[in-house]
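Quick notes on the structure that follows.
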Amino acid sequence: MRQRIRKGILAFSVLMFPLTFFFLSPYVIVLSATTGVINGSAMVFGFLLLCSILFSRIYCGWICPGGAVQDLISGANKRNWNSKGKNLSKYIIWAVWFSFILFLWIKHRPLKGEFLYLYQMDGQYMMIYAIVMTIIYLFTISTGRRGMCHSLCWMAPFMVIGETISDFLHIPRFRLKPNPDSCVSCKKCTKECPMGLDVSHMVKSGNMDSKECISCLACVDICPKQAIGFGISKKRTH
Ligand code: SF4
Ligand code: SF4
């Protein structure tokens with residue numbers, strides 16, 4: 001039932017994507033920064049970072065339209081994206097992009113916030129939307145499940161930073177909780193994980209913290225032995 005609700009939310013998010021696309025755009029942040037404006041997408045990214053301090057990457061697993069589109073496409077390519085260094089590239093892209101924005105913000109200060117700055121659903125907007133959808137489609141088809149989340153996503157690093165802040169400050173946040181004694185190593189969880197994580201091994205190791213986990217709870221719901229729980233807690237220190 002829970003996974004049906006999650007998929008329903010994600011399907012709704014895909015339907016709304018033509019409207020919300022602007023607020024998830026890294027490109028419009030750069031355009032706005034060239035005139036000293038912090039626009040809606042910059043505010044949304046900042047909000048997601050703050051949310052992840054408590055809620056980890058729930059946004060990625062339950063709401064993100066880009067992730068949802070990948071889940072839909074993964075019917076055509078069910079492989080896991082196993083390239084070496086697959087997770088590193090998104091941090092490099094993010095670091096270059098965000099450094100440029102910081103440079104523009106410093107150069108064009110004082111800054112002003114304007115949520116709807118440059119929001120205009122015209123032909124150019126729809127063309128950029130179509131290009132991004134094509135990139136998501138081609139990347140997922142050629143890599144595998146949630147390939148973009150692993151390698152290209154410009155939003156994931158914000159949430160990983162939020163999780164890192166949370167753990168550094170010992171703030172309780174959303175986590176999976178393993179019960180290794182109940183696990184019978186059937187590996188159903190590993191097969192189900194949309195991020196291709198070795199969930200079974202994580203359960204057995206007693207540590208389910210992973211920067212790539214999107215808190216979708218698919219592993220929790222597929223486990224026949226209830227060996228995976230979840231809740232809000234601090235990082236384990238031993
Ligand atoms: S599905 Fe449950 S029992 Fe099976 S390997 Fe995963 S945690 Fe263990
Ligand atoms: S480990 Fe579980 S909650 Fe995390 S992404 Fe994989 S299936 Fe989802």
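The residues listed here are Ser151, Ser205, Ser200, Ser182; of these, the one that is assigned by TED's automatic domain parsing to the domain that holds Leu88 and either surrounded by 20 or more Cβ atoms within 10 Å (Cβ to Cβ) or over 17 Å from Tyr59 (Cα atoms) (or both) is Ser151. All of (1) assigned by TED's automatic domain parsing to the domain that holds Gln226; (2) surrounded by 15 or more Cβ atoms within 10 Å (Cβ to Cβ) hold for Gly144 with one exception: (1).
Restricting Lys211, Lys187, Lys204 to those that are free of Cβ contacts under 8 Å to residues at least 24 places away in the same chain, more than 10 Å from ligand 2 (Cβ to nearest atom) and basic (Lys, Arg) reduces the list to Lys187. On the stretch given as segment 11-38, residues that are in contact with a Gly (Cβ under 9 Å, 6 or more places away or on another chain), within 22 Å of Pro110 (Cα to Cα) and not β-branched (Val, Ile, Thr) total 1. Under the condition of being open to solvent by 30 Å² or more (accessible area, probe 1.4 Å) and under 22 Å from the mean Cα position of the chain (by Cα), which residue from segment 208-226 is farthest from Asp167 (Cα to Cα)? So, considering only residues that are open to solvent by 30 Å² or more (accessible area, probe 1.4 Å) and under 22 Å from the mean Cα position of the chain (by Cα), the one farthest from Asp167 (Cα to Cα) is Ile222.
Residues in segment 10-35 that are in a loop (DSSP other than H, G, I, E, B) and either without any contact (Cβ under 8 Å) to a residue 24 or more places away in the chain or surrounded by 16 or more Cβ atoms within 10 Å (Cβ to Cβ) (or both): how many?
Counting residues in segment 10-35 that are in a loop (DSSP other than H, G, I, E, B) and either without any contact (Cβ under 8 Å) to a residue 24 or more places away in the chain or surrounded by 16 or more Cβ atoms within 10 Å (Cβ to Cβ) (or both) gives 1.
Of the residues making up segment 104-154, those that are among the hydroxyl-bearing types (Ser, Thr, Tyr) and not in a loop (DSSP other than H, G, I, E, B) are Tyr125, Tyr129, Thr134, Tyr137, Thr140, Ser142, Thr143, Ser151. Among all residues of segment 70-88, there is at least one that is away from ligand 1 (no atom under 16 Å from the Cβ), more than 14 Å from the chain's Cα centre (by Cα) and at positive phi. Listed by position, the helices (runs of 4 or more DSSP H) enclosed by segment 159-238 that each have at least 1 residues that are within 10 Å of ligand 1 (Cβ to nearest atom) and touching an Asp or Glu at 6+ places or on another chain (Cβ under 6 Å) are 188-192, 218-222.
Does segment 32-52 contain at least one residue that is of a type in the set (Gly, Ala, Ser), modelled with pLDDT of 90 or more and within 28 Å of Leu176 (Cβ to Cβ)? Yes, because at least one residue in segment 32-52 is of a type in the set (Gly, Ala, Ser), modelled with pLDDT of 90 or more and within 28 Å of Leu176 (Cβ to Cβ).
The values are calculated or read from the model by the stated rules, or taken from the named source; none is laboratory data. Treat the numbers as computed from the prediction; the structure is a model and nothing was measured. When we count neighbours, we look across all protein chains shown, and the Cβ atoms used for this are built from the backbone with ideal geometry, even at glycine. We work out accessible area using only protein heavy atoms, side chains counted, and drop any ligands, DNA or RNA first. Shrake-Rupley method; radii C 1.70, N 1.55, O 1.52, S 1.80 Å.
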